[in-house]
2 protein chains.
Amino acid sequence: MLVYVAVLVITLLALAYVTMNFIKLRNMEEGQIDMVEIAGIIRRGARTFMRAEYTIIAPVVLVVAAIFSCFIEKSSGFTFIVGAGMSSLACVIGMRSATYANVRTTNTAARTKSIGETTQTALLGGSISGLCVAAFGLLGVVLIYLVAGGIKNDAVGGGYVASFPCNPTIMRFTTYSLGCSLVAMFNRIAGGNYTKAADISSDILAKIRHDMPEDDSRVPNVIADFIGDNVNDIAGNCSDLLESFVATISASIMIAVSLFNGIKDVIVFHGEETAQKLAESADKLSEVGAAMGINASEFADVSEKLENLLTRMHLFPILLAGLGLLGCLLGLGYAQFKKMSDNPSRELDLATWISAGFTVLFGLGAAAIMFAGTGSVDTLKLVGFKLGFISPWICAVLGIISGVLIGIITEYYTSTDYKPTQKIAEIATEGEAFVITKGDAVGSRSCLLPILLIGISLFASGAICGVYGIATAALGMLSFVGATVSIDAFGPIADNAGGIAEACHLDPDVRVITDKLDAVGNTTAAIGKGFAIGSAAFATVSLIVAYVENCYFGEFAKITLDFADYIVVAGGIIGGALVEYFSAMLTDNTIESARVMADVGDAELSKPGVLDGQVKPDYNMCVQLAAKQALKKMLVPSVLAVVIPVVAGFIFGVKFVGGLLVGATVVAIPRAIFMGNSGGAFDNAKKYIESGAIEGHGKGTAAHKAAVTGDTVGDTRKDVVGVALDIFIKTMSTVANTLAVVIRSVRG
Amino acid sequence: MLVYVAVLVITLLALAYVTMNFIKLRNMEEGQIDMVEIAGIIRRGARTFMRAEYTIIAPVVLVVAAIFSCFIEKSSGFTFIVGAGMSSLACVIGMRSATYANVRTTNTAARTKSIGETTQTALLGGSISGLCVAAFGLLGVVLIYLVAGGIKNDAVGGGYVASFPCNPTIMRFTTYSLGCSLVAMFNRIAGGNYTKAADISSDILAKIRHDMPEDDSRVPNVIADFIGDNVNDIAGNCSDLLESFVATISASIMIAVSLFNGIKDVIVFHGEETAQKLAESADKLSEVGAAMGINASEFADVSEKLENLLTRMHLFPILLAGLGLLGCLLGLGYAQFKKMSDNPSRELDLATWISAGFTVLFGLGAAAIMFAGTGSVDTLKLVGFKLGFISPWICAVLGIISGVLIGIITEYYTSTDYKPTQKIAEIATEGEAFVITKGDAVGSRSCLLPILLIGISLFASGAICGVYGIATAALGMLSFVGATVSIDAFGPIADNAGGIAEACHLDPDVRVITDKLDAVGNTTAAIGKGFAIGSAAFATVSLIVAYVENCYFGEFAKITLDFADYIVVAGGIIGGALVEYFSAMLTDNTIESARVMADVGDAELSKPGVLDGQVKPDYNMCVQLAAKQALKKMLVPSVLAVVIPVVAGFIFGVKFVGGLLVGATVVAIPRAIFMGNSGGAFDNAKKYIESGAIEGHGKGTAAHKAAVTGDTVGDTRKDVVGVALDIFIKTMSTVANTLAVVIRSVRG
């Protein structure tokens, strides 16, 4: 209970700090009249889009909630709505703050001419979304705890209409997580379609059909692109990472509850004979077999200690997440109140390092408080802690280190400072086909190191702390999500700020500042994508581990996802194919929307006076069209992710679904990295050429044209497909966890 | 024994038929003097390349063979050499016959002006390689049997120097299969690099640097491209499918031996108590638990019947393969001796259907002979035959049907007759980026149906006939490999024939015939690729199932590839990343070689008189350079596939390696389909535009240029990466099977 109160206090503290910052941001000056005007169009466009999106999402959420309450567990409809609500709050507030921060960042640059102060304004906007993600995510967990009256390991629940015995705690957390998941899915798919259809259609109009410069304001689709940055890169990203954050907390709790039930079954009800059986089944808990085999008669002694320990095991993740949020508050607060240097890159890194550093430090304290005094080393060994009380902390640190390193690797593969991107730019002299082929190679090559890191961290965490260790590593990576999302959100804010400066023809020295911030923002965005994928990989593996336990409720059994079993392997390869199919759907939707928007934009351009710059085109119509297209194409792929595990489960059973999840995850991780990194590298290769780095092949040359082709191909990859793949696998896994018991009861 | 003699007779019959056809082919006229000359250059170039390749392969094979004999099993070095030898024989003879058949096909067209007779000549060449693949693959199996004195289920073997107890039968078949695998790996990687570096460098020279028409004979790289078709599409394809064929036979035998040992352990040595244990472990054999649980005291009665049955279970795959070869002899023989119509597509289909039909019919007979009389229905149920003696036959038929359907689906996604390819062509009007993005979407979308087919066939086969069913389905798909490879080889022969007609400026009506054959050949090549990937998927799953059993020799135990186990899941995601990395290496190697060759070709073109067509460029130098580049870049990726499972095994253990294989397979299957189909669709979209099907956007327009970019991107995908991925996973799986016992003994 004390833990919950402490976490609630931290959460409220964070929300108070966010409110303070939000007011501070709004009170800042917006600058000259045309800046106010363009910022207003962006803000209203973004708000209109979100409103339209939520009129579609809301009924879906309500229907699904009703189904859950009727057929799964009475309170799970409510927790599902809480999840959708928390996610929506975080991304709506995050997006609003970004649409306030963009123009104020431009104005700070114009007013102060100081890189440091401009960085601080952009980061002020970014920190609001980052802290909202962590705070709302945690708030939901605490709310569910308080309303439901705590976590009851051995309670049994059921729905209003039908009843499949299940653990209400597990159901509340999976449905909460699923609520976040569904919103994230809708946001990412609609947002990606919105922003890239606008972006690509501008490209068609400017480059293919009319031979105009990029981002020319006569093309009405350009403004929709500005809005899209806020919709996809802020709202989409917030809900994506909130989902990962919540999913890992849920998975940790589910795994702790399963461990508790598994062991308690033995201790309380069955006595020695079952203990023998448990000892044989060595993979139930990594160490329990050997340990229990020896002390079969001493169960009564350890029983109480063990029960206490297992309760602490499901409190630890929540405490760790809360302390991570506290760490982020300190890191971001320091960045906000200090005087910033003119090196934004270093300042942002510093904020991240302070946040991560405090999280590591606090985490050690949390592990000591939770596990140091709970019993002998032997008791810890019973639940698989190989290195004593410090074990889960080591796993969390492994997660944090992996997260940071994946970010650095992503930077290596996508930044103009390093060879991979430079080589794409150099080969552009040989034409389009070479740019694409080289970019494909860079994208594929860039998968190895991040995945080796994830794999080795999983291996080490599992070896140190069993399945609980895997969940803890995932949570470690996400514990300072407040800081990573803040830094990530810095990117689109700076990007928008630059766009506004450009559109309002501000002084060149203002643009120098916003360009500098934009360049830094591109790198942080790439790092953020790497981090999102890495955390999704960890989260999904935790969810799959939890799924295996969730299929059997109240029984001393679990399914085995054995890939030498024909059912599992059939599911596995089909799961991989679904990832490809999902990617294809999103890609096709984007280019179809782009073509429709290009035709409409073309009609605007052919109105008299528009091409001469005398008459402004109808921006609003284009913005509305982008929204309409995006929302029309959002439903099918989103629903697919929810429906596939259910339908597959009822036809082929729970093992098949398990295989499906594994296959989808194993394929989606490298695919998502490929999409993100090849897209990022294409984008920067084009910038590298534009910077004049390759002599004789600057802007306007054939090589530049080839690089622009690469950039356009990369747009769909990095901002539509890549970012949606991690939600796809997380959503499927969360759905499977929610319905595991039902499917097994019906189909077996 | 009778089975072996029968199969040997069929094999020798096939080889006699091949010899007869080879002589018949050589005795045909080559045509006018310039045709003889160009065909000679191609033939010598191909032969020189193969010779150079084998001077590298031979020592590698000998060293590996020595290691196997010393450390694994005494005779396994010999069987490894036999594997490498059989594979080499099949692809060398296949390639030689193709380099004889190409010019003779052109000449038949010139001489007879009959499409039917020309088709017959091309198919004569193709059938030699197809029948060689099946005959040599089987010959090796029979040879090993005869030299080793039969399959001994319970023998124990070891190496000359170190000794890890293993089953000599299993070792002989895995090393035989590995010999085939290694040769296939080298062939595919070197062949892909050779042909595509030549092809792409011709494109750079013609389209980017000099603005010349495609395939212009002034560009010296063009001739290397002709040779490359024979090296990659004939030799590479032959060794690839021979490998799949042999791997599935080996996997079936290994699974049968494992089943035998598992059950025999119980029956002969342990009696009732262990039987109880076996009954508990329900997944050892699908039905054995229930069946044995009931009749624990009746073991002695069924013991003899069961032993007999299990011996027949490892004879059945060999018989099925032999009868499949007989079916192909009938199908291809009919096509050779009948009078052909002017519809080559229908004639080739007919040959395939006759071969497949006889295989299905003979397979039913084989199942009846082998399993109908061996004991009661109960005995068959003990080994998991749910539907009586007909069970393995049903699985084989499922495999055959999947193979044919995958071919049809591949055709749908890559042929100009259907929407996917047409849409790529249509969107070419919007520029390069759209062509690539749409092609990516088509490639990704095309994965679902073939993989659903594979998944459902696996599921059904497993349900009907357990793990043995999976191996039988794989073998079913490959049982008529003689016909599929023949039809597939038809493509490059027709392609070369067209090229020769073009280069020698033959009558337009000759070219009409060769163009017609070339178009049909494109489709059969695409179908062949789909078939190669499908069969590789089945083969690899069989190998993984066999691996699980192979890790424990002589013990009643097996590893569990449980993806909720941190060791397995870590291996799984890393396995997926390795596939991406391998793809990146091959892609980078190809474009690097292409750039080197382009520069050298450019130097030739700048010699006085070459660009005017007065002086012939130095073809030989270009051919040698292509070979040098290809061989230089062949070693690292090939060795990687062999080394990875070994190193990973010694560091992380057998479970990790199992995870690695699963992850690599799950990722490689959709990737290979994506590469093949997107590449094929790009190629044909370009042809569709060239045919004038899109009004106002014919040859030479911007849309055509965009489609050409797609085609060049697709070249590396379909002919380098896609075709190598299936060998990558098969080789890793075969290596793992070979070394499973050693790794487990050393590392656990």
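The values are calculated or read from the model by the stated rules, or taken from the named source; none is laboratory data. This is a predicted model, so every value here is computed, not measured. All Cβ positions, glycine included, derive from the backbone under ideal geometry; neighbour counts span all protein chains shown. Surface areas here come from the heavy atoms of the whole protein model, side chains and all, with no ligands, DNA or RNA. Shrake-Rupley method; radii C 1.70, N 1.55, O 1.52, S 1.80 Å.
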Peptide-level mean, for A:664-674, of C-beta atoms on other protein chains within 10 Å: 6
Peptide A:459-468 - average C-beta neighbours from other chains (10 Å radius): 3
Where labels lie 7 Å past Cα in the beta-carbon direction, separation of residue B:62 and residue A:146 in nm: 8.0
Long-range HN-HN contacts of residue B:157 with modeled amide H, under 5 Å: B:166, B:167
Area of residue A:307 that stays accessible when all protein chains are in place (1.4 Å probe, Å², to 10): 70
Rh (Kirkwood; distinct C-alpha pairs) - the protein assembly as shown, Å: 33.1
Set of lysines with alpha-carbon distance to residue A:381 below 28 Å, sequence-local pairs under 8 removed: A:152, A:264, A:277, A:284, A:305, A:558, B:558, B:655
Quotient of C-alpha Rg and 2.2 N^0.38 Å, computed over segment A:597-748: 1.51
For chain B, calculated [θ]222 nm from helices alone, where every DSSP H run of n ≥ 4 adds -39500 (n - 2.57): -27500 deg cm²/dmol
Residues of chain A: accessible area per residue with a 1.4 Å probe, Å²: 30
C-alpha long axis of helix B:654-690 to longest principal axis of chain B, angle in °: 30
Averaged over A:583-593, number of beta-carbon atoms from partner chains that fall within 10 Å: 5
Residue B:505 accessible area, assembled protein chains, probe 1.4 Å, Å²: 140
Segment A:695-731 versus segment A:404-461: alpha-carbon centroid distance in Å: 13
C-alpha center-to-center spacing [segment A:314-329, segment B:156-232] in angstrom: 54
Estimated dipole of segment B:189-247 in Debye, rounded to 20 [Cβ of Lys and Arg +1, of Asp and Glu -1, Cα centre]: 200
Heavy-atom accessible area ranking, 1.4 Å probe, most first, across A:17, B:552: B:552, A:17
Distant-in-sequence amide H partners of residue B:212 (H built 1.01 Å from N, under 5 Å): B:207
Cα gyration tensor shape of segment A:184-244, rounded if a/c is under 1.5, else prolate or oblate by comparing a/b with b/c: prolate
Anchor residue B:113: lysines whose Cα lies under 19 Å away (excluding residues fewer than 8 positions away in-chain): B:338, B:339, B:516
Per-residue HN-Hα couplings for segment B:41-50 [Karplus 6.51, -1.76, 1.60; θ = phi - 60°; Hz; x = Gly/Pro]: 4, 4, 4, 5, x, 5, 5, 4, 4, 4
Inter-copy separations for residue B:386, label at 7 Å along Cα-Cβ, nm, ascending: 4.0
Under 19 Å from residue A:616, Cα to Cα: lysines that are on another chain or at least 8 residues apart: A:607
Segment B:331-376-segment B:548-621 distance, computed between alpha-carbon centres (Å): 36
Length released on extending from residue B:746 to residue B:701, taking residue separation times 0.36 nm less the Cα-Cα span: 9.8 nm
Selection from B:371, B:308, B:327, by position along the positive dipole direction of segment B:305-379 (Cβ): B:327
Rounded to the nearest 20 debye, dipole of segment A:8-60 from Cβ charges on Lys, Arg, Asp, Glu: 200
Whole-Hz ³J(HN,Hα) from phi, Karplus 6.51 cos²θ - 1.76 cosθ + 1.60, for segment B:437-450, glycine and proline x: 5, 5, x, 4, 5, 4, x, 5, 5, 6, 6, 4, 4, x
In range of the label at residue A:212: residues from segment A:611-654 whose backbone nitrogen is under 11 Å from the point 7 Å along Cα→Cβ: A:611-618
7 Å along Cα→Cβ, label-point gaps from residue A:217 to other copies, nm, shortest first: 6.1
Where B:186, B:71, B:459 fall by accessible area, highest first, once all protein chains stay in place (1.4 Å): B:71, B:459, B:186
Residue B:620-residue A:412 FRET efficiency (beta carbon distance; Förster radius 56 Å; 0.05 resolution): 0.85
Flagged links, alpha-carbon separation over 18 Å, of A:419/B:633; A:438/A:687; B:438/B:705; B:207/B:438: A:419/B:633; B:207/B:438
Carbon plus sulfur fraction of accessible area for segment B:484-555, probe 1.4 Å, in percent: 53
Accessible-area value, residue A:509, 1.4 Å probe, nucleic acids and ligands omitted, Å²: 70
Over segment A:1-122, relative contact order from alpha-carbon pairs under 8 Å, at least 6 apart, %: 30
Ascending list, in nanometres, of distances separating the residue B:67 label from those of the other copies (7 Å, Cα toward Cβ): 5.4
Gyration tensor (alpha-carbon) shape descriptor, segment A:312-453, a/c threshold 1.5: oblate
